[in-house]
Amino acid sequence: MTRTQKTVFILVAVVALILGLTVNRVLSGKGPGDQAALIDAGIILLPQSRSLPDMKLVDQDGQSVALDSLKGKWTLLFFGYTFCPDICPTTLAQLRQIKRELPKEAVDQLRVVLVSVDPNRDTPQQLKTYLGYFDKQFQGMTAPVDAIQKLANAVSIPFIPADTTQPNYTVDHSGNLAVLGPDGMQRGFIRAPLNNQKLVAQLPRLMERK
């Protein structure tokens, strides 16, 4: 990574942190105890829902899918890649465990989607095979890197595209999750690192919201 890339990444991370703290203060000032419990679990709700870009990606079955299709359930959107050495396998393993401990009603309302930040290597088949190691219900999506950047920036979870000419390259990305409501709008974030116990307690409460 060049010095310029590092500077941009740090600046974006600082902006994201400021946004999170601002939302935290807003919710802490307005909400009752359930708001505080959500925040304690790392769930930060936006004061106003955000719409996603009108775009299409390719899923793990090689089918073209519109972002608009992410409706009807609560969606946890994670930006990662299958060759990731640490953040991705840890996060996906945690999400698998959280899902196992949630009540069935909550599981039925929940969708986990990995959006690849490494489309150079993450073919649909690669995504399907990789996600199958964790949970066959987890979904994968890929697209050209500029399209993925557009989506990542729209939900304020940026990443730095890798120099794919380098051998065994890695991609700098966040462990945060974007939370989408059943209406397909972004409702907020879940901050990394994930706290399994607190999320198991609070996700069903989150999903009671309209």
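Which entries of K71/K198; K56/K104; K136/K198; K128/K210 have Cα-Cα distances beyond 28 Å here? Spell out each step's value before the answer.
Details: K71/K198 25 Å; K56/K104 30 Å; K136/K198 24 Å; K128/K210 31 Å.
Flagged as over cut-off: K56/K104; K128/K210.
Rank the residues I148, I160 as a footprinting-exposure proxy: fewest other Cβ atoms within 10 Å of their Cβ go first.
I160, I148
Computed from the coordinates by the stated procedures, all read-outs in this text should not be read as laboratory data. It should be emphasised that the depicted structure is a prediction, and the values quoted were computed from it without experimental measurement. A quick note on method: Cβ atoms are made from the backbone with ideal geometry, for glycine too, and the neighbour counts reach across all protein chains shown.
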